[in-house]
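Before any comments, here is the structure.
The values are calculated or read from the model by the stated rules, or taken from the named source; none is laboratory data. Nothing here was measured: the structure is a model prediction, and the numbers come from that model. So basically every Cβ, Gly included, is an ideal-geometry build from the backbone, and we count neighbours across all protein chains shown.
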Amino acid sequence: EDQVTQSPEALRLQEGESSSLNCSYTVSGLRGLFWYRQDPGKGPEFLFTLYSAGEEKEKERLKATLTKKESFLHITAPKPEDSATYLCAVRENQKVTFGTGTKLQVIP
Amino acid sequence: NAGVTQTPKFQVLKTGQSMTLQCAQDMNHEYMSWYRQDPGMGLRLIHYSVGAGITDQGEVPNGYNVSRSTTEDFPLRLLSAAPSQTSVYFCASSSSTSEAFFGQGTRLTVV
């Protein structure tokens with residue numbers, strides 16, 4: 001059975017304190033790994049798609065990387081507005097399975 | 001270009017009542033899905049569709065029905081609401097090569 005595990009469940013950072021979120025997965029045929037950001041009361045907002053090991057994508061203070069078994073979302077010098085829940089998802093054929101998310105709080 | 005539109009945004013049902021959550025997309029996406037989101041459990045797939053007339057079950061399908069008569073619409077039906085179906089429901093659409101686009105969600109409470 002496909003499984004997506006995110007860690008940590010919650011992360012509290014001081015503004016400017018860089019860190020990484022982890023997403024490990026077990027699928028037989030990965031057809032895309034996705035990172036989303038979700039703010040309270042809203043639907044998930046797309047950040048990145050990664051397709052193959054070694055691939056990296058960047059957007060402002062966020063950088064996503066992918067290996068054969070896991071993905072990392074690196075947050076460099078975070079700001080309070082980066083506070084949100086970050087979701088990882090994997091697609092195998094037509095099905096997309098989500099992890100439970102990491103709730104990030106950035107304190108000024 | 002509205003993207004994915006869900007209605008209603010909020011709903012309160014009594015146990016045993018039925019209702020339909022509406023979802024429409026205007027991006028001509030072939031894939032559409034319904035998820036429920038509960039605290040600590042993330043997004044769980046209820047049903048999905050790979051095109052008009054084709055649907056399949058996800059992880060938690062019991063108590064829900066879907067149909068897909070057009071590319072644009074993918075309604076989710078609760079046949080006899082139960083308190084365990086209290087949740088936030090999200091509809092999503094995608095193409096075979098794109099990420100999923102989500103609606104803003106329907107917050108359902110069953111009393």
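Residue-by-condition table, conditions (1) without any contact (Cβ under 8 Å) to a residue 40 or more places away in the chain; (2) within 12 Å of chain A (Cβ to nearest Cβ); (3) part of a strand (DSSP E or B); (4) not β-branched (Val, Ile, Thr):
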| residue | (1), (2), (3), (4) |
| --- | --- |
| B:Gln37 | no, yes, yes, yes |
| B:His47 | yes, yes, yes, yes |
| B:Val50 | yes, yes, yes, no |
| B:Thr55 | yes, yes, yes, no |
| B:Glu59 | yes, yes, no, yes |
| B:Arg107 | no, yes, yes, yes |
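Name the residues in the range B:61-70 that are part of a loop (DSSP other than H, G, I, E, B) and either at the interface with chain A (Cβ under 10 Å from one of its Cβ atoms) or surrounded by fewer than 17 Cβ atoms within 10 Å (Cβ to Cβ) (or both), would you?
Within the range B:61-70, B:Pro61, B:Asn62, B:Gly63, B:Ser67, B:Ser69, B:Thr70 qualify.
Among the residues of the range A:70-90, what is the count of those that are of a type in the set (D, E, K, R) and over 14 Å from the mean Cα position of the chain (by Cα)?
So in the range A:70-90, the residues of a type in the set (D, E, K, R) come out as A:70, A:79, A:81-82.
The next check asks that each one be over 14 Å from the mean Cα position of the chain (by Cα); those that pass are A:79, A:81.
So the count comes out to 2.
Listed residues A:Thr65, A:Thr100, A:Thr85; which is at pLDDT 95 or above, in contact with an Asp or Glu (Cβ under 9 Å, 6 or more places away or on another chain) and within 11 Å of chain B (Cβ to nearest Cβ)? Quick ask: steps written out before the conclusion?
On the way: A:Thr65 fails: within 11 Å of chain B (Cβ to nearest Cβ); A:Thr100 fails: at pLDDT 95 or above.
Of A:Thr65, A:Thr100, A:Thr85, the one residue that is at pLDDT 95 or above, in contact with an Asp or Glu (Cβ under 9 Å, 6 or more places away or on another chain) and within 11 Å of chain B (Cβ to nearest Cβ) is A:Thr85.
Scanning the range B:31-44 for residues that are more than 13 Å from B:Phe102 (Cα to Cα) and buried (at least 17 other Cβ atoms within 10 Å of the Cβ), which turns out modelled with the lowest pLDDT?
In this case the residue turns out to be B:Gly42.
Filter the range A:14-54 for residues that are polar (S, T, N, Q) and either touching a Gly at 6+ places or on another chain (Cβ under 8 Å) or within 19 Å of A:Pro78 (Cα to Cα) (or both) and give the result.
A:Gln14, A:Ser18, A:Ser19, A:Ser20, A:Asn22, A:Gln38, A:Thr49
Could you run through the range A:26-53 and say how many residues are part of a loop (DSSP other than H, G, I, E, B) and either surrounded by fewer than 15 Cβ atoms within 10 Å (Cβ to Cβ) or within 11 Å of chain B (Cβ to nearest Cβ) (or both)? Talk me through it step by step, then tell me what you get.
First, the residues of the range A:26-53 that are part of a loop (DSSP other than H, G, I, E, B): A:27-32, A:39-44, A:51-53.
Subset that is either surrounded by fewer than 15 Cβ atoms within 10 Å (Cβ to Cβ) or within 11 Å of chain B (Cβ to nearest Cβ) (or both): A:28-29, A:31-32, A:39-44, A:51-53.
Looking only at that region, the number is 13.
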